[in-house]
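To keep things clear, I will list the structure first and then write my remarks on it.
FYI, it's all coordinate maths here, none of it is from the lab. Here the structure is a predicted model, which means the values were calculated and not measured. Reconstructed Cβ throughout: ideal geometry from the backbone, glycine too, with neighbour counts over all protein chains shown.
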Amino acid sequence: MGALCKMLSDRLEQFCLLLAGLLLLVNLGAVMLGVTARFYRPPVWTTDLAQVTLVWVVMLAAAPALKRGEHMVINILVEKLPKTPRHIVTVLRTLLFCAILILMIWLGITYSYKMRLFTIMTLGIKKAVPLAAVPTGMALMLIEYTLQQGISIDALLHNKKEHP
């Protein structure tokens, strides 16, 4: 099971980074066009496109950052706890993190749905498009976190089997 979780995690990471990279190129193009055209006649849509793509880049890159441990975490107190309380805190932290992600997915979907009627005039797209980045990013983080837990549990089970 751990090998399947690792393979899925690696594929998810590649997919997210590929999409984030492509959107980053679009973002850079929009910013450069806006800057260079400023001396002539700048298109009004470059700023909005840069904002929309930047939100999507950040939210798509959040899951790979989570996988690589690049999100901020403070373990000073947890590491000083005895074994049993440390495991309890770890389980509670995992449950709380999943609950927050689920809440953010729900709130993001709800808000995106409410904003579906409004349009970003310069781009001609619904406001729900950039807002959908939040629940999408949170869902990708939840999937990645779940896969990482599957890898950890599998490794823990294999260590117990090898060292009875």
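Compute the Kirkwood hydrodynamic radius of region 10-65, taking the inverse of the mean of 1/r over all pairs of distinct Cα atoms, and give it in Å to one decimal. Write down the numbers at each step before the final one.
On the way: mean 1/r = 0.0846 Å⁻¹.
With all distinct Cα pairs of region 10-65 included, I get 11.8 Å.
Find, among the GluC sites (Glu not before Pro) in region 1-106, those assigned to loop by DSSP (not H, G, I, E, B) with at most 14 other beta-carbon atoms within 10 angstrom.
Working: sites: 13, 70, 79; in loops: 70.
Counting only loop positions with at most 14 other Cβ atoms within 10 Å, the GluC sites (Glu not before Pro) in region 1-106 are 70.
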Item to check | Choice from 26, 78, 35 with maximal GNM fluctuation in the chain (Cα, 10 Å cutoff) | outcome: 78
Checklist entry - Residue farthest toward the positive end of the dipole of region 15-160, with Cβ of Lys/Arg at +1 and Asp/Glu at -1: which of 58, 105, 30? => result 105
Checklist outcome for this item: Among 140, 22, 92, the residue with the largest mean-square fluctuation in a Gaussian network model of the chain built from Cα contacts under 10 Å is 92
Item to check | Fluctuation leader among 29, 21, 69 - the chain, Gaussian network, Cα springs under 10 angstrom | outcome: 69
Item to check | Other-chain or far-sequence residues with amide H under 5 Å of residue 125's (modelled H) | outcome: 120
Checklist entry - Which value, in debye to the nearest 20, gives the size of the charge dipole of the chain about its Cα centre, when Lys and Arg are +1 and Asp and Glu are -1 at the Cβ? => result 260 debye
Checklist outcome for this item: Close lysine pairs (the chain; alpha-carbon distance under 30 Å; 8 or more apart or on separate chains) counted at 16
Next on the checklist: Can you match mean projected area of the Cα convex hull in nm² to one of these, [x] 10.5; [y] 9.5; [z] 12.5, based on a calculation from the structure here?
Outcome noted: [z]
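Counting Lys and Arg as +1 and Asp and Glu as -1, what is the net charge of the other residues whose Cβ lies under 13 Å from the Cβ of residue 120?
With Lys, Arg at +1 and Asp, Glu at -1, the net is +2.
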Item to check | Low-density loop positions, trypsin sites (Lys or Arg not before Pro), region 55-164 - DSSP coil, at most 16 other Cβ in 10 Å | outcome: 68
